[in-house]
Amino acid sequence: MEYWKLIGIAIIVVGFTLKFDVLAVVLTAGIVTGFVAGINFYDILTILGQSFVNNRLMSIFLIIFPVIAIIERYGLKERAGQLIGRIKNASAGKILSLYMVIRSIASALNIRIGGHVQFIRPLILPMSEAAAENSKCEKLTENQTDHLKGISAAVENYGNFFAQNCFPAASGVVLIQGTMAELGYDVTLQSIATAAIPIAVITVLLTFIQVWIYDKRLKKSIVKEKR
């Protein structure tokens, strides 16, 4: 019967699969799990309230959304596109390669300049899209745009995930050092950060290859369309 206490996981999986309201699904899962575990309704509400208060800072990022909407409304996306459109020989791959270098260096120094909402959606994607359209001399197709969105998002993930551990005081490095110490391994924060540097460099190089391949495929598609 202990397995019934995991019913909340099933509710979340089903709710998300059917695309129900996220907040409603999570609250329902929490309440049902509480009842199955034998917790009374008052205590369930207390737990939910305490969890919200303890993690309220996690919702601060929601403030970013209206800010991004406002700057997009007043032409940031168009201006970014126009800027790149004036640069000769610019390509989506070159734009993304440059951003990958900047993002990786920033992450390695623990400087938070990126993010899908703050940087990719309003700035990097429009710039890359403009560069791709400039080389193609026409609008991208829906499939080409979706492919570019995926690569742009991937570059953000690469730069953030693989380079952040190059900073000795990063939370991930501290977690690794603490876990290794519990297992009896004598490692320092500096040694972990040093070991992460080659991984970050390799990731940057592989990203260069990925975006280069994207540019090549885009050029091939342009040649085929002209024929």
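Readers should treat all values here as calculations from the given coordinates under stated rules, not as data from a laboratory. All figures in this text were calculated on a predicted structure; none of them were measured in a lab. In this analysis, Cβ positions are derived from the backbone assuming ideal geometry, glycine residues included, and neighbour counts consider all displayed protein chains.
Annotations
- Cβ-Cβ FRET estimate between residue 35 and residue 180, R0 fixed at 41 Å, reported to 0.05: 0.50
- Pairwise FRET efficiency - residue 89 versus residue 9, Cβ, R0 = 41 Å, nearest 0.05: 0.20
- Note on residue 21 and residue 101: the model spin-label points, each 7 Å out from Cα along the C-beta direction, lie 4.9 nm apart.
- Globularity index of the range 2-54, i.e. its alpha-carbon radius of gyration over 2.2 N^0.38 Å: 1.14
- FRET E, pair residue 202, residue 110, Förster distance 22 Å, beta-carbon r, rounded to 0.05: 0.60
- Segment residue 219-residue 187, extension gain: residue separation times 0.36 nm, minus the distance between their alpha carbons: 6.7 nm
- Whole-Hz couplings from phi, Karplus 6.51/-1.76/1.60, listed for the range 95-104; x for Gly and Pro: 4, 5, 5, 4, 5, 4, 5, 5, 5, 5
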